[in-house]
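Below you'll find the structure, written out as structure tokens, and then a few comments.
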Amino acid sequence: MDLTNAIQNHVRAIRAICTPPCRHEGELPIDRFPTTMAVRDVGLYLRCTACGRKGPEMEPVWPLRSDAP
Ligand SMILES: [Zn+2]
């Protein structure tokens, strides 16, 4: 899935999850990145703010069902 596809599915942020045992999580606004990037590839450009390791797992932050009209 690329960011364009995620945005079309009402995703507004992506979550970075550091690899175990750190598992530090952070959310980033999706519009910080080029829309042609794949969601997973965004992690290649990020570094964990807790342990400094590169390449966290990325996942779309799906909108809550209650946000739907
Ligand atoms: Zn970490």
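Just so you know, all these numbers are worked out from the coordinates, no wet-lab data involved. Please read all numbers here as calculations on a predicted model, not as lab measurements. Using ideal geometry, Cβ is built from the backbone for each residue, glycine included, and neighbour counts are taken over all protein chains shown.
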Counting only other residues whose beta carbon sits under 15 Å from that of MET1, what net charge do I get with K and R as +1, D and E as -1? -1
Normalising by the residue count of the chain, find the relative contact order in percent from Cα pairs under 8 Å and 6+ residues apart. 37 percent
Charge dipole of the chain built from unit charges on the beta carbon (Lys, Arg +1; Asp, Glu -1), centred at mean Cα; most positive-end Cα among ALA16, PRO29, ASN5 is ALA16
Unit charges on C-beta of K, R, D, E only; dipole of the chain, Debye: 220 debye
Apply the Karplus curve 6.51 cos²θ - 1.76 cosθ + 1.60, θ = phi - 60°, to the phi angles in segment 17-31 and return the couplings in whole Hz, x for Gly and Pro. 10, 5, 5, x, x, 5, 6, 5, 10, x, 10, 10, x, 5, 7
Let me know the volume per residue of the alpha-carbon convex hull for the chain, in Å³. 84 Å³
